[in-house]
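Report on one structure; see the data block that follows.
The values are calculated or read from the model by the stated rules, or taken from the named source; none is laboratory data. All figures in this text were calculated on a predicted structure; none of them were measured in a lab. With ideal geometry, Cβ positions are generated from the backbone for all residues, glycine too; neighbour counts draw on all protein chains shown. Surface areas here come from the heavy atoms of the whole protein model, side chains and all, with no ligands, DNA or RNA. Shrake-Rupley method; radii C 1.70, N 1.55, O 1.52, S 1.80 Å.
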Amino acid sequence: MTKLSDTLATGWRRLVDAINWVFATAWMGAIIPFFSIGVGFAWSSWKEQIADSFLVMARPGDANFDVKSTFFWLLCLLLLLLGIGNTWAKNRDSARSAAEVKALLARLQEQSQQHTAAVSQLHSLPPLGVLEDFHQAYNLCDNISIKSLQLNTAVSTALSDHEAALRTFMSVVGRVIQTFDGEHFLSSNVRYGLNIMLFVTKQEYEARPLKAALATRLRFADKGLSLDNAAGVLDMLPAVSIADGMEMPDSELEHFAIPIADVPVYASKASKERPALPGATHCCVNIIHVAYESIDAFRKALEDLQADDGVKAEMLSYFEKPNIRSSVQSFLCVPLIASDTGLVGVLNIHRDTANPRIKDRMALLVPLLAPMRQQLARLLLKYKSLYLS
């Protein structure tokens, strides 16, 4: 039954195509005017007979039957059928051509999207040799980690010794990030800076003198949020920062602390991310890498957030300060966490120019940074014990 119906359908399509071909041929355009002339000639020649027999039903042989009038009306009917058929065929061909053009445009658009994706993927790749630089950086960071973990915590210089070790570690990270961005050439004038914000829980600062010190430098606190009801704070560590490749504290950096309302929880996908101030706070609360290709992008993220207008204005004011504006035009926030540490803090990596491709390249950068992030988290955890004592 299915085979028969398929055969009938195929036969019908072929018949329709044949009729279409007949009515769409070029000579049909010459026949229709010829028949139009014939109708006009018949009307002018037999006008009286046609008028007398108009609406008179008669068969051949009847007294009222008129051959000339019948021929005229048959000629009109034929002209009408030819006109309708020609119009139908042209419309069918036009619709078929339009469908073919539409399908071609769809294929071209799909190819264009594939090319765009390929170009975007190409642009997301790091410069040649960067993977080898990361490999060397892993070894350097491993050596720094081993030496740092062996530092004597009982000596009076223990805190400053650990800070120096952290800065050395960060200088290695800064160099590979610079290479990853393609700004490692001597001709590049892009200035990079790195700093660490230590995550201190409420339980850790509650019964210590640190709480009073944190209160004096608390910034960007949402309405009703304080040290008493926060889950913890991100405390900026100016002593653990570098700029422009120098293993010295960044002189442009301000010392402040940001209260964290929620206990940090890893967000495995975007739908699980909890609302938080963009930047280090968002990185901390959701334990994810975040990047802003420009301060305008950061501003948009801030405007889209449902937060206190005063906090938003305070954050924007911070980035408008001359010393910050001259050094921070794009930045990346990396959560410092390892399997045996929990979240210890946030590493901020910024530069003084926009970085329009940073978000597209995050998928490659995040796994490359993972070993160094974990090593740095363990070093920072040891530093934290000295910091809190």
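Okay, residues lined up against (1) exposed (fewer than 15 other Cβ atoms within 10 Å of the Cβ); (2) among the aliphatic types (A, V, I, L, M); (3) over 24 Å from SER294 (Cβ atoms):
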position: PHE331; (1), (2), (3): no, no, no
position: VAL344; (1), (2), (3): no, yes, yes
position: ASN348; (1), (2), (3): no, no, no
position: GLN375; (1), (2), (3): no, no, yes
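What's the number of the only condition in (1) at pLDDT 95 or above; (2) open to solvent by less than 60 Å² (accessible area, probe 1.4 Å); (3) out of contact with any Ser or Thr (no Cβ under 6 Å at 6 or more places or on another chain) that LEU210 fails to meet? Result: LEU210 passes all but (1).
Among the residues of the range 77-86, which ones are more than 57 Å from the chain's Cα centre (by Cα), surrounded by fewer than 16 Cβ atoms within 10 Å (Cβ to Cβ) and touching a residue at least 12 places away in the same chain (Cβ under 8 Å)? Break it down into steps so the answer makes sense when it comes.
Applying the first criterion (more than 57 Å from the chain's Cα centre (by Cα)) to the range 77-86 yields 77-81.
Remaining after also requiring surrounded by fewer than 16 Cβ atoms within 10 Å (Cβ to Cβ): 77-78, 80-81.
Scanning the range 77-86 gives a single hit, LEU78.
Residues that are assigned by the TED database to the domain that holds ALA165, modelled with pLDDT of 90 or more and in a strand (DSSP E or B) do occur in the range 260-271, at least one of them.
Conditions (1) at pLDDT 80 or above; (2) more than 16 Å from ASN91 (Cβ to Cβ); (3) outside the structural domain of LEU82 (by the TED database), marked per residue:
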site	(1), (2), (3)
MET1	no, yes, no
SER5	no, yes, no
ARG14	yes, yes, no
ASN20	no, no, no
MET28	no, no, no
ILE31	no, yes, no
GLY38	no, yes, no
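For the range 348-372, how many residues are assigned to a helix (DSSP H, G or I) and at pLDDT 95 or above? Break it down into steps so the answer makes sense when it comes.
Taking the range 348-372 as the starting set, the residues that turn out to be assigned to a helix (DSSP H, G or I) are 362-372.
Right, trim to at pLDDT 95 or above and you get none.
Here the count works out to 0.
Listed by first and then second residue, the pairs with beta-carbon distance under 7 Å, at least 6 apart or on different chains, first residue in the range 144-155 and in a loop (DSSP other than H, G, I, E, B), second open to solvent by 50 Å² or more (accessible area, probe 1.4 Å), are LEU151/ASP161. Scanning the range 260-271 for residues that are buried (at least 18 other Cβ atoms within 10 Å of the Cβ) and among the hydrophobic types (A, V, I, L, M, F, W, C) yields ILE260, ALA261. Quick check: is even one residue across the range 42-55 open to solvent by 60 Å² or more (accessible area, probe 1.4 Å), outside any helix (DSSP H, G or I) and modelled with pLDDT under 75? Looking through the range 42-55, at least one residue is open to solvent by 60 Å² or more (accessible area, probe 1.4 Å), outside any helix (DSSP H, G or I) and modelled with pLDDT under 75.
In the range 285-292 there is at least one residue matching the filter, namely being part of a strand (DSSP E or B), within 26 Å of LEU140 (Cα to Cα) and in the same structural domain as ALA231 (by the TED database). Of the set (1) within 18 Å of TYR192 (Cα to Cα); (2) more than 18 Å from the chain's Cα centre (by Cα); (3) open to solvent by less than 10 Å² (accessible area, probe 1.4 Å), all apply to LEU365 but (2). A residue that is under 14 Å from LEU198 (Cβ atoms), among the basic types (Lys, Arg) and open to solvent by 20 Å² or more (accessible area, probe 1.4 Å) can be found somewhere in the range 216-228.
Tally the residues that are modelled with pLDDT under 95 and either assigned to a loop (DSSP other than H, G, I, E, B) or within 21 Å of PHE319 (Cβ to Cβ) (or both), restricting the search to the range 331-347. Lay out the reasoning, then the answer.
Filtering the range 331-347 down to residues modelled with pLDDT under 95 leaves 338-342.
Among the residues that remain, those that are also either assigned to a loop (DSSP other than H, G, I, E, B) or within 21 Å of PHE319 (Cβ to Cβ) (or both) are: 339-341.
Number satisfying all stated conditions: 3.
Residues in the range 329-348 that are over 12 Å from ASN286 (Cα atoms) and within 23 Å of the chain's Cα centre (by Cα): GLN329, SER330, PHE331, LEU332, ASN348. Just for the range 272-302: of the residues that are out of contact with any helix residue (DSSP H, G or I) (no Cβ under 7 Å at 6 or more places or on another chain), open to solvent by 40 Å² or more (accessible area, probe 1.4 Å) and without any contact (Cβ under 8 Å) to a residue 60 or more places away in the chain, which one is nearest to ARG351 (Cα to Cα)? Once the filter is applied, the top-ranked residue is ASP296.
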